[in-house]
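Inspection log for the structure reproduced underneath, given as structure tokens.
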4 protein chains.
Amino acid sequence: MELGMVGLGRMGANMAERLVRGGHKVAGFDPSADARKAAEANGIAPASSLEALVKSLPAPRVVWLMVPAGKVTDDTVDALLPLLARGDTVIDGGNSNYKDTLRRAQLYAAHGLGYVDCGTSGGVWGLKEGYSMMIGGDEKTVESLRPIFETLAPAKDQGWGRVGPVGSGHYTKMVHNGIEYGMMQAYAEGFAILKHKEEFGLDLHQVGEIWRYGSVVRSWLLDLATDALGKNPNMDGIAPYVVDSGEGRWTVNAALELNVSAPVITLSLMERFRSRDSDSFADKLLASLRNEFGGHAIKKE
Amino acid sequence: MELGMVGLGRMGANMAERLVRGGHKVAGFDPSADARKAAEANGIAPASSLEALVKSLPAPRVVWLMVPAGKVTDDTVDALLPLLARGDTVIDGGNSNYKDTLRRAQLYAAHGLGYVDCGTSGGVWGLKEGYSMMIGGDEKTVESLRPIFETLAPAKDQGWGRVGPVGSGHYTKMVHNGIEYGMMQAYAEGFAILKHKEEFGLDLHQVGEIWRYGSVVRSWLLDLATDALGKNPNMDGIAPYVVDSGEGRWTVNAALELNVSAPVITLSLMERFRSRDSDSFADKLLASLRNEFGGHAIKKE
Amino acid sequence: MELGMVGLGRMGANMAERLVRGGHKVAGFDPSADARKAAEANGIAPASSLEALVKSLPAPRVVWLMVPAGKVTDDTVDALLPLLARGDTVIDGGNSNYKDTLRRAQLYAAHGLGYVDCGTSGGVWGLKEGYSMMIGGDEKTVESLRPIFETLAPAKDQGWGRVGPVGSGHYTKMVHNGIEYGMMQAYAEGFAILKHKEEFGLDLHQVGEIWRYGSVVRSWLLDLATDALGKNPNMDGIAPYVVDSGEGRWTVNAALELNVSAPVITLSLMERFRSRDSDSFADKLLASLRNEFGGHAIKKE
Amino acid sequence: MELGMVGLGRMGANMAERLVRGGHKVAGFDPSADARKAAEANGIAPASSLEALVKSLPAPRVVWLMVPAGKVTDDTVDALLPLLARGDTVIDGGNSNYKDTLRRAQLYAAHGLGYVDCGTSGGVWGLKEGYSMMIGGDEKTVESLRPIFETLAPAKDQGWGRVGPVGSGHYTKMVHNGIEYGMMQAYAEGFAILKHKEEFGLDLHQVGEIWRYGSVVRSWLLDLATDALGKNPNMDGIAPYVVDSGEGRWTVNAALELNVSAPVITLSLMERFRSRDSDSFADKLLASLRNEFGGHAIKKE
């Protein structure tokens, strides 16, 4: 097929490259000239503007967005709207909030344009291993894009599917990331316990390697954790500072909206908050309160 | 009544003083000469050794222990054993683990000695306001000590009681402290949220004052938190480092033994662990793992 | 002062009555004729409609809303708007989401109308003991309402205050309720542990009574819990089904928005979700998964 | 090699069979005649007693225990002691608490006997896919058992290793299971959220299938969850009742002992407690307390 890729960052560039390798014809736009140049070297036809990108595509056009969620996606969606024509389709492959997706899809539908949301997992490894894609949208539209998904996926009929109407793809990806937070935290806690059991002198990289084969906890995340522990067993030079990028808190919000208890996903997120708050007011107040009632000593800063 | 107080630290000295003020005759022992001297100034007859203390008491003797839980209590209990005679009673008013109490009581019973556990709450304010006492032991023995408890309590018939057989006093106090952890953490989280809502410019001391009268969350801990916020609104100079002294983790152990879900008490304890682990290995691994799969930047130490 | 009370339910009727007792002149409206009749018996002048209520008040008018948060408040606020005149003031004393309050206040300000939010705590006990009130709004407007707050509060200068601009009152009350969830859960967990420690045969009502005097965990909620345990020690006939009314989840949302870790408040809320989900899909999947990997038996429904 | 297998239940029988298939000579004992008969059909030489089993083995003997942790393991270890001779080795492949293992190993060492702990993961799938084995013990002893481990593992040099001194194998397996609890709970929460988002009509089996390929959350547990969701999408007939078998709570205890925060592992365990407590006293007290302060209705049982 032929399609345009908007956003040639880490994810977009890799996906465009995988599509080119798979025999598709891909035009690409990114505001960064360097990014366009790098993409060109990988067989992607660079476009100097959104307009140029759209013009370079045959109708009905297919444009894949791989840009940061939120304002950038909104701006891009708005900028593309007048450039597209009835029958064209935009696929948002980024980590958009599904509520934004529903709003954007409604806008596009009102103009006779297709809108598909594709929750995309796989990170920097997707170029090589393929991407897992949870797709929301009109059945016919999604079906028309099949060759694209078959190429991006790990295998033709594996790791992708239309899960429901527009919005459901990003919703499913959001929950995917919530689960990811919980799994990561479970591994981190477990390895931390092993690390602190100093009398056994455990080699955490070795433990990870053992678990990778035959154990109940084997997983891709374990493969990566084991790799990380092999390269840097004591996590030297790494700050205990864990960023979150939004999907986790959306998942908690979703749980709240549905009255579903999700303690592990929620705690995993809040533990990240705590990791970034080295000056916790709550903990200072707790220390102060212990002093108030019990005369317990306070550690000074 | 007449009794001996072993341990004239913050808690023991105050309790002895409250007993003296209440008309009791109190002899006191502490390894520290300064502590003995300070106690003497408050009307307590100082004893230079456990032996001297015991000898100074009329039979049947009553000895109150107010010493650190664990080894010190064990050593004291063992040292007193040969000094006491059938019919004497030891009251452990400290924060002993109830399992230790059961063991010690069994030993004492085998020698015809009474053993009473008194979970004591009230902290440094008890001298003035009286202590809350959860008492475990033989009914008759506890009843014989009634004048002591009536004096130590906030009022003659308030804030104390025999809750069950030996061990049950310390068990009840243990759970009391578990609840305390949860309440403290709830306040700390709430005030932290208010603190971070900078646009409203809230005065946390004022908020605490408002809540102290008529609100659902009014409590003695809130009185203290409000006081602390009045003296140091930004918790300047206080490290976000929260100590725990054992009862919290025993409460979690108790929950595990009984298959009772106690998420709030448990999380309150673990939040304290996290507060003391500014170099969290788990969080470093999480940051490293995010880099592994998503190429996300790592904050350097 | 003279004011109108809209909503004569449990809270509104009590507040109106306390104001009348305090010497204020109160007109009241409620869609229920029974509620109006009951209010009249307590000295409140009943109005048969919002219009009649407003007309009965002298300018500048003061109208206190004590109606359910959300749609009912929105409808009332909208219905009052054309009835009021420049200089009049509406006080929302209910549990509105502060974001709704900000929106409504903006609308009112555009019409020269005052809008004050008053987070009100105290429940059914407020009539007798007074209410704790966290007030947001323009300084001058709040000051003009001082006689009302002084009467509703437990004492003239206790339990109420302007905490900041409009919205801040409801925000502070929201966090107050979040703390309340955490405290309640802490007590509930603690008493559950004591209950399950059957070998000690503890009398939970007695334990509560002891804790009420001198202990670190003494509080008004403990007073109530003790009362409940006295009336129904085994909680016979009560379903383990805990409702939440909104402020708890807003507090969690607030924590998420501010990146503040609030594990105890959050878990308290989610535990309530779980209490209402006797058919937990998550737990069924867990049981099923244990069977998948370990051949562990599944309990049939 | 030649070895004796004690315990021919689900795990022991499978492991013995895998060893036989791998060319080892295995004698087996189980108190159940049926189990012995079934084992015989798979090439295992049945022994009618522990004595007979030990006598049938050449010195130095190797005996693998695959019996329930706790009392049964203690009884077996004690019964074997007088039957064995200096140089013989016992391997405990079950889920023993590492503290018990340390105690038993000390006893065996005093008699010149080898004791190796092998934390074994893989469940009912191990026969086909091999077992993941975390081994603790003397280096020389473990090395002498290499052929056994190479056969039981998924591949000769994968999925097994000596992680440290005796006890460290069971410790590592304990933490493995703690991580397992957290991962399982994360998946269960995520799928429950998807399930409750009824408007999207998601097919959870399909979602699981998509995630299995290329996604960040792919894992063996996900493979199994997906399989379970395929066979029984609505979990019909399965009670929301989740058993735990000990390692989870030991992991929490280990975290407490080491002052390591492990909220996700802990919450996963407590959620299982809650799943089994359909009559939660805590929740009844919460419902009762809401009624006390707010007059909120109580759901009757």
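Values for this structure:
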{"item": "Residue mean of other protein chain beta carbons inside 10 Å, B:247-255", "result": "4"}
{"item": "Pseudo-label separations to other copies for residue C:199 - Cα-to-Cβ vector, 7 Å, nm", "result": "2.6, 5.4, 5.6"}
{"item": "For B:203-209, mean number of other protein chain Cβ atoms within 10 Å", "result": "4"}
{"item": "Two-decimal ratio, region B:26-146, of alpha-carbon radius of gyration to 2.2 N^0.38 Å", "result": "1.04"}
{"item": "Chain C, accessible surface, carbon-and-sulfur percent (1.4 angstrom probe)", "result": "50 percent"}
{"item": "Listed residues C:293, C:210, C:269: farthest to the positive end of the dipole of region C:208-301 (Cβ charges)", "result": "C:293"}
{"item": "Stretchable slack from residue A:232 to residue A:86, in nm (0.36 nm times residue separation minus alpha-carbon distance)", "result": "47.2 nm"}
{"item": "Helix-derived mean residue ellipticity, 222 nm - over chain B, DSSP H n ≥ 4, -39500 (n - 2.57), to 500", "result": "-16000 deg cm²/dmol"}
{"item": "Two-decimal Rg/Rh across chain A, once Rg and the Kirkwood Rh are taken from alpha-carbon atoms", "result": "1.05"}
{"item": "Packing rank of B:109-115, D:118-124, where each peptide gets the mean count of other beta carbons within 10 Å, highest leading", "result": "D:118-124, B:109-115"}
{"item": "Accessible area that becomes buried as A packs against C, both chains, 1.4 Å probe, Å², nearest 100", "result": "1600 Å²"}
{"item": "Relative contact order, percent, region B:173-284 [alpha-carbon distance under 8 Å, six or more residues apart]", "result": "33 percent"}
{"item": "Where rotation carries D onto B, the chain D residue whose Cβ is nearest that axis, in whole Å", "result": "D:266, 3"}
{"item": "Antiparallel DSSP beta bridges within chain C, percent to nearest 5", "result": "20 percent"}
{"item": "Dipole-positive endmost among B:178, B:167, B:242 within region B:165-243 (Cβ charges, Cα centre)", "result": "B:167"}
{"item": "Cα-Cα pairs of region D:173-284 separated by more than 23 Å (percent)", "result": "39 percent"}
{"item": "Solvent accessible area, Å² - residue D:103, 1.4 Å probe, full protein context", "result": "110 Å²"}
{"item": "The protein assembly as shown: proportion of alpha-carbon pairs further apart than 54 angstrom, %", "result": "29 percent"}
{"item": "Debye, to nearest 20: dipole size of the protein assembly as shown, +1 on Lys, Arg Cβ, -1 on Asp, Glu Cβ", "result": "0 debye"}
{"item": "Contact order relative to length of chain D, as percent, for alpha carbon pairs under 8 angstrom and 6 or more apart", "result": "12 percent"}
{"item": "Within 10 Å of each Cβ in B:118-126, the average number of Cβ atoms from other chains", "result": "5"}
{"item": "Across the identical copies, how the residue C:52 labels are spaced - nm, sorted shortest first, 7 Å along Cα→Cβ", "result": "7.4, 8.6, 9.7"}
{"item": "Per residue solvent-accessible surface (Å²) - region C:2-165, probe of 1.4 Å", "result": "41 Å²"}
{"item": "Solvent-accessible heavy-atom area per residue, rounded to whole Å², over region A:219-269 at 1.4 Å", "result": "27 Å²"}
{"item": "Pairwise label distance in nanometres, residue C:74 with residue B:71, each label 7 Å out on the Cα-Cβ vector", "result": "6.6 nm"}
{"item": "Other-copy label distances relative to residue C:147, 7 angstrom Cα-Cβ extension, nm", "result": "5.9, 8.2, 10.1"}
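The values are calculated or read from the model by the stated rules, or taken from the named source; none is laboratory data. The structure presented is a predicted model; accordingly, all values stated were derived computationally and were not measured. Heads up, the Cβs are rebuilt from the backbone with ideal geometry, glycines too, and the neighbour counts pull from every protein chain shown. Note: accessible area is taken over every heavy atom of the protein model, side chains too, but ligands, DNA and RNA are not part of it. Shrake-Rupley method; radii C 1.70, N 1.55, O 1.52, S 1.80 Å.
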